[in-house]
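Inspection log for the structure reproduced underneath, given as structure tokens.
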Amino acid sequence: MSGHSKWATTKHKKAVVDARRAKSWAKLIKNIEVAAKLGGADLQGNPTLFDAVLKAKKTSVPKDNIDRAIKRGAGIGGEAVEYLSIMYEGYGPNGVAFLIECLTDNKNRAAAEVRTALSRNGGTLADPGSVAYNFSRKGVIVVPREGTTEDDVMLATLEAGAEEIEPHGDGFGIITEASDLVTVRSALQEAGIEYDSADVEFVPSLKIEVDADTARKVFRLIDALEDSDDVQNVYTNFDLTPEVQAELENDE
């Protein structure tokens, strides 16, 4: 989906998957811990945990790591986790808006790392509220293109609450109200349609098209932010035309 970091993240992780796997696993484990803490250890009774575990499995996180994360999050066996959720707002190259979601046990460290990543890559921190107003919490489900069509996805999900279906990398992105995410995901499962991920994300209401040079700078900033263990997700409002996407793919 154009408009936030998912396209960029997907394209870059293919090229550096081995180098970043451990960091990616750590963030997925953290998602599992938080989901288990908030909703309990039962996957069937905790849809957020179900999707966090599914995403971890698709990224080849070992089962033992997943099981330990669930127990830590749910406080089973004496272990416990405590993370603070913080949202930073900023601007990147050419005024691209950034929402930076952190899960951390050290607020000062997270703030310093976000500030450093921004300042070293053409960005700046913004005042609270100056960026967030342009983003809404939405459910985002990613469906791979292989084995299905946009019509199949639309037929399965529109009555369940899908608001929009649009291209997303090599598949489709289904946008829902955050409260409808589980219902739409269940509709896909009932239709026998596989999905790669189902998350509540921040989706921009207004997007800005950027040229290839700006996009490269934005991607570098996203990578710098995601290098921090405290940064869990990065959302932006940039948009890419097919021509710019093709130029960027030629870089690789």
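The values are calculated or read from the model by the stated rules, or taken from the named source; none is laboratory data. Just so we're clear, the structure is a prediction, and the values are computed from it rather than from any experiment. Note: ideal-geometry Cβ built from the backbone for every residue, glycine included; neighbour counts use all protein chains shown. Areas reflect the complete protein model, heavy atoms only, side chains present, ligands, DNA and RNA absent. Shrake-Rupley method; radii C 1.70, N 1.55, O 1.52, S 1.80 Å.
For a quick check of your reading of the filter: which trypsin sites (Lys or Arg not before Pro) in region 147-252 sit in a DSSP loop and have no more than 15 other Cβ atoms within 10 Å?
Loop-located and lightly packed - none at all.
At 1.4 Å probe size, with no ligands or nucleic acids counted, give the accessible surface of S197 in Å², nearest ten.
For S197, the solvent-accessible surface is approximately 20 Å².
Once label points are set 7 Å from the Cα along Cα→Cβ at both L84 and Y133, what is their separation, rounded to one decimal in nm?
2.7
Rg/Rh for region 25-145: what does it come to with C-alpha atoms and Rh from Kirkwood?
Ratio value, two decimals: 1.03.
Would you mind checking K71/K138; K37/K63; K23/K57; K55/K138 for any pair whose Cα atoms are more than 21 angstrom apart?
Distance filter (> 21 Å) returns K71/K138.
Kindly provide the GluC sites (Glu not before Pro) of region 132-176 that DSSP labels as loop, not H, G, I, E or B, and whose Cβ sees at most 16 other Cβ atoms within 10 Å.
Sites meeting the loop and neighbour criteria: E146, E159.
Roll a 1.4 Å probe over the protein chains and send me the accessible area per residue for the chain in Å².
Working: 12550 Å² over 252 residues.
In whole numbers, the chain has 50 Å² accessible per residue.
Using a 1.4 Å probe and counting only protein heavy atoms, arrange L248, L43 so the residue with the most accessible area comes first.
Ranking L248, L43 by accessible area, largest first, yields L43, L248.
Calculate how large, on average over all directions, the projected area of the Cα convex hull of the chain is; give the answer in nm² to one decimal.
13.5
Can you give me the Cα centroid spacing of region 56-95 and region 191-228 in angstrom?
What the calculation gives is 19 Å, centre to centre.
For region 146-252, what size does the Cα cloud have along each of its three principal axes, sorted from largest down, in whole Å?
42, 33, 25
Two-decimal Rg/Rh of region 189-234 from alpha-carbon positions, Kirkwood Rh?
Reported Rg/Rh (Cα atoms, Kirkwood Rh): 1.11.
As a test of understanding, state the convex hull volume per residue of region 134-204 from its alpha carbons, in Å³. Working shown, then result.
Values: hull volume 5.1 nm³, N = 71.
Spread over its residues, the Cα hull of region 134-204 gives 72 Å³ apiece.
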